[in-house]
Amino acid sequence: LGTSAGFVENAEAVTGVKKLSDGTVEVTPASVKALAKVGGAVLLGDVNGVPAALVKTGANKYTALDLRCTHAHVPVKISSDGFYCDPQRGGHGSRFTKTGAVNHGPAQSSLGKLTVTPQAAGKKLIIS
């Protein structure tokens, strides 16, 4: 999950990501360059008040992650190997893999997951 262009995109700057009136987010993966490859991710902003990212985990498989550290409860940021709970942002240095599993503590639990619901034969995803 690199931080270089093409691997991570911010939803505010991406076509194919739309915040819906009910607080969910609609993603059209084919329109998001970062989701073209396994390991690519797009930051979704808030989904029903939760900071979130969508990660491509396989061919036509996606995981939506709650980006709040399970130890410090502050938003994690994307790093070269996944996600990082930055001490400069109130965290304690926990690291999580691209899929949200704990890679290095003090966190003991994986990042939470949001629901990904395919629509339009998988051409659109609703994140809730």
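The values are calculated or read from the model by the stated rules, or taken from the named source; none is laboratory data. No experiment lies behind these values; they were computed from the predicted model shown. Please note: Cβ atoms are built from the backbone with ideal geometry, for glycine as well, and neighbour counts cover all protein chains shown. Quick note on the areas: whole protein, heavy atoms, side chains included, nothing else; ligands and nucleic acids left out. Shrake-Rupley method; radii C 1.70, N 1.55, O 1.52, S 1.80 Å.
Net charge in the neighbourhood of Phe96 (other residues with Cβ under 13 Å of its Cβ; Lys, Arg +1, Asp, Glu -1) is +2.
Largest mean-square fluctuation among Ala53, Ala41, Ala30, in a Gaussian network model of the chain whose springs join Cα atoms under 10 Å apart, belongs to Ala30. Charge tally around Lys77: other residues with Cβ under 10 Å, Lys/Arg +1 each, Asp/Glu -1 each, net 0. For the chain, the fraction of 1.4 Å probe accessible surface lying on carbon and sulfur atoms is 49 percent.
Scalar couplings 3J(HN,Hα) for region 104-114, obtained by applying the Karplus form with A = 6.51, B = -1.76, C = 1.60 to θ = phi - 60°, are 7, x, x, 4, 10, 10, 5, 4, x, 10, 9 Hz; x denotes Gly and Pro.
Rounded to the nearest 20 debye, the dipole magnitude of the chain is 300 debye, with +1 charges on Lys and Arg beta carbons, -1 on Asp and Glu beta carbons, and the Cα centre as origin.
Accessible area per residue for the chain is 51 Å², calculated with a 1.4 Å probe on protein heavy atoms, without ligands, DNA or RNA.
Just checking the listed ones, Ala52, Ala64, Ala107: in the Gaussian network model of the chain with Cα springs under 10 Å, the one fluctuating most is Ala107. For region 64-128, a crude dipole built from +1 on the beta carbon of Lys and Arg and -1 on the beta carbon of Asp and Glu, taken about the Cα centre, is about 200 debye to the nearest 20. Around Gln108, with a cut-off of 15 angstrom between Cβ atoms, what is the net charge of the other residues, counting Lys and Arg +1 and Asp and Glu -1? Around Gln108, the surrounding residues sum to +2. Here's the picture: charge each Lys and Arg Cβ at +1 and each Asp and Glu Cβ at -1 in region 40-128, and of Val50, Gln108, Leu125 the one pushed furthest to the positive end of that dipole is Leu125.
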